[in-house]
Amino acid sequence: MSGYGSSTDREKNEGRPPVVDLRSDTLTKPTPEMRRAMAEAEVGDDVYGEDPTINRLEARAAEIFGREAALYVPTGSMGNAVAMRVHCRSGQEVICEEKAHIFSFEMASMSAVAGCLARPVRTPDGILRWPLVKEAIRPKQAFRAPTGLVECENTHNMAGGQVLPTEAAEEICDGAHNAGLPVHLDGARIFNAAVALGKDVREITRKFDSIMFCLSKGLGAPVGSMLVGKKDWIAEARLQRKVLGGGMRQAGVLAAAGLVALEKSPSRLHVDHENARLLAEGVGRLPGVALIPPNLMTNILIFDVAKTEMTAEEFSQALAAQGVRCHAITPTTIRMVTHCDVDRAGCQRAVEAAERVVRRAVAV
Ligand SMILES: Cc1ncc(COP(=O)(O)O)c(C=O)c1O
């Protein structure tokens, strides 16, 4: 889509081909349209509810998700922390998948900010399902911290961008609700899930009590995430956002880019998925490399390099030396994430670089 810079036109690397940065979809830079919207944004004091651009963004997010209200928060982590503070009280447990971002990558905010304990559930594929959640719910008795919340992640970052099937999500929501528990969705990449499922975000999130989604990942905004839910719940979330220091003032300059991201970016996410597929097909057939999981669904590719006899760190450094950046996420696995600032040619270069790395490893 025009307006989105490619790896070729964005970075000039002193005559060398531009760096292909696949570390994360958080790395995207605002498009010219976002920058224009930011420069022209009408603003006011959002703590007073007087920033017209933020008000528009919140109204639009609520409308897109078919909910009563929404709240602009600085980050996805703050959105999740606010959600836990509204849903739970201190001393409760939060059930989540074992590799969930909320559990492992949010600086223990579950305990430090919400006063809760994680009850992580191990799954073979990163997909949480009701029977496992049911088993993890604590019976009401002395000795056991009561369960306060069930949390799902869609797409699941550390499970290779896996999509939570809508039937599995709804079964969890129905089961949890029958057990008197709310369900929060970390939908940082929910628009990627919607594209993969060929469904609307409204449809795939309808049973969750609250949803957090990020404007700043695949959608390409420089800053910001949203919470959506019922009017009273969002009113309480607004207070908790202030408790955490997230009451911003004339942040309409940021929300303006978020509005562009929300309106324009979902329709181009399929390009990131196609580019990720190109990566998966190219990297997945290299000797010693195994995709985890084997079925790529969205824009996140995880692969194991143990059989190349290199550590993931060595592999990623060898790629970096060729201008391809990615993350070693465990001693043997690497994550690559496609996004609007990496084009197909960049992904092709990444595959070729990986081929050279593997060829050298095999030759040693
Ligand atoms: C699944 C998921 N949830 C939440 C977050 C947190 O978002 P932020 O970086 O805006 O705090 C991330 C960030 O990568 C994520 O991948």
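FYI, it's all coordinate maths here, none of it is from the lab. In this text, all values refer to a predicted model and were calculated from it rather than measured experimentally. Please note: Cβ atoms are built from the backbone with ideal geometry, for glycine as well, and neighbour counts cover all protein chains shown.
Within the chain, which whole H helices from DSSP have a Cα span along their axis of at least 27 Å and a mean Kyte-Doolittle hydropathy of -0.5 or more, if any?
Helices passing the filter in the chain: 344-363.
Note down the nm distance, to one decimal, between modelled labels 7 Å out along Cα→Cβ at Glu63 and at Arg285.
Result: 4.6 nm between the two label points.
Using only alpha carbons, build the gyration tensor for region 254-344 and give me the equivalent ellipsoid semi-axes, biggest first, whole Å.
Output for region 254-344: semi-axes of 28, 14, 11 Å.
So if each residue of separation counts as 0.36 nm, and I subtract the Cα-Cα distance between Ala306 and Arg35, what length gain in nm does that give?
93.3 nm
Starting from the Kirkwood radius over alpha-carbon pairs of the chain, derive D by Stokes-Einstein at 37 °C in a medium of 0.692 mPa s and give it in µm² s⁻¹.
Using the Kirkwood radius from Cα pairs, D works out to 156 µm²/s.
Relative contact order for the chain using alpha-carbon pairs under 8 Å, separation at least 6, rounded to a whole percent?
Rounded, it is 24 percent for the chain.
Could you tell me the center-to-center distance, by alpha carbons, between region 140-209 and region 239-305 in angstrom?
That distance is 18 Å.
Treat each spin label as a single point 7 Å out from the Cα along the C-beta direction, and report the Ala179 to Ala108 distance in nm.
Between Ala179 and Ala108, the label points sit 2.6 nm apart.
Just to be sure I understand: of the beta bridges DSSP finds with both ends in the chain, what percent are antiparallel, rounded to 5?
55 percent
How much FRET efficiency would the formula 1/(1 + (r/R0)^6) give for Lys242 and Glu314, where r is the Cβ-Cβ distance and R0 is 45 Å, rounded to 0.05?
Efficiency at R0 = 45 Å is approximately 0.45.
Among Lys140/Lys231; Lys29/Lys307; Lys199/Lys264; Lys134/Lys207, which pairs are too far apart, with a Cα-Cα distance over 25 Å?
Lys140/Lys231; Lys29/Lys307
Pop a pseudo-label 7 angstrom from the Cα along the beta-carbon direction at both Leu132 and Leu117 and give the gap in nm to one decimal.
2.1 nm
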